[in-house]
Amino acid sequence: QGQLVESGGGLVQPGGSLRLSCAASGSIFKIYTIDWYRQPPGKQRELVAGITGGGSTNYADSVKGRFTVSRDNAKNTVYLQMNSLKPEDTAVYYCNTRPPRTNYWGQGTQVTVSS
């Protein structure tokens, strides 16, 4: 049984950057695609980006060119580098496997983009 823990969120001004981390425990990490989701206030959770075990990536149109997902299998960690942040990026960010598993939804990490 594995676990995913998100961290790295915070308050940042528009145009700023943050790097989120998704740390995995157990044997789940190396073989699974890991996706980043976000849930803006009052809205449904949406898929942001993902990375396969082999390193192939995909992004939502709204973050292409600004966000970069990467993984370090030695550290059992997936990262989401977020640049040129906008107020509409404000959300709680989560990571999960693909497809998402109920027991892997964690607390997420809050990202707030505001001046």
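Looking across the range 101-115, the residues that are under 16 Å from Glu88 (Cα atoms) and either under 16 Å from the mean Cα position of the chain (by Cα) or part of a strand (DSSP E or B) (or both) come down to Thr109, Gln110, Val111, Thr112, Val113. Asn103 meets all of the listed conditions (1) of a type outside the set (A, V, I, L, M, F, W, C); (2) farther than 16 Å from Gly53 by Cα; (3) modelled with pLDDT under 95; (4) crowded, with 16+ Cβ neighbours inside 10 Å but one, namely (4).
Considering only residues in the range 80-91 that are in contact (Cβ under 8 Å) with a residue 60 or more places away in the chain and crowded, with 18+ Cβ neighbours inside 10 Å, the one that is farthest from Ala23 (Cα to Cα) turns out to be Leu85. Looking across the range 74-91, the residues that are of a type in the set (Ser, Thr, Tyr) and not in a strand (DSSP E or B) come down to Ser84, Thr90. Taking the criterion of being of a type outside the set (A, V, I, L, M, F, W, C) and surrounded by fewer than 15 Cβ atoms within 10 Å (Cβ to Cβ), the residues of the range 55-79 that qualify are Gly55, Ser56, Thr57, Asp61, Ser62, Lys64, Gly65, Ser70, Asp72, Asn73, Lys75. For the range 1-54, the set of residues classified as of a type in the set (Asp, Glu) and open to solvent by less than 30 Å² (accessible area, probe 1.4 Å) consists of Glu6, Asp35, listed by residue number. Using the structure shown, decide if Ala49 is in contact with a strand residue (DSSP E or B) (Cβ under 6 Å, 6 or more places away or on another chain) and more than 15 Å from Cys22 (Cβ to Cβ). Spelling it out, it is not the case that Ala49 is in contact with a strand residue (DSSP E or B) (Cβ under 6 Å, 6 or more places away or on another chain) and more than 15 Å from Cys22 (Cβ to Cβ).
Within the range 24-60, the set of residues being more than 14 Å from the chain's Cα centre (by Cα), assigned to a loop (DSSP other than H, G, I, E, B) and of a type in the set (S, T, N, Q) comprises Ser27, Gln44, Ser56.
The values are calculated or read from the model by the stated rules, or taken from the named source; none is laboratory data. None of the values given here were measured: they were computed from a predicted structure. Cβ coordinates were reconstructed from backbone atoms using ideal geometry, including for glycine residues, and neighbour counts include every protein chain displayed. The accessibility values were calculated without ligands, DNA or RNA, using every heavy atom of the protein model including side chains. Shrake-Rupley method; radii C 1.70, N 1.55, O 1.52, S 1.80 Å.
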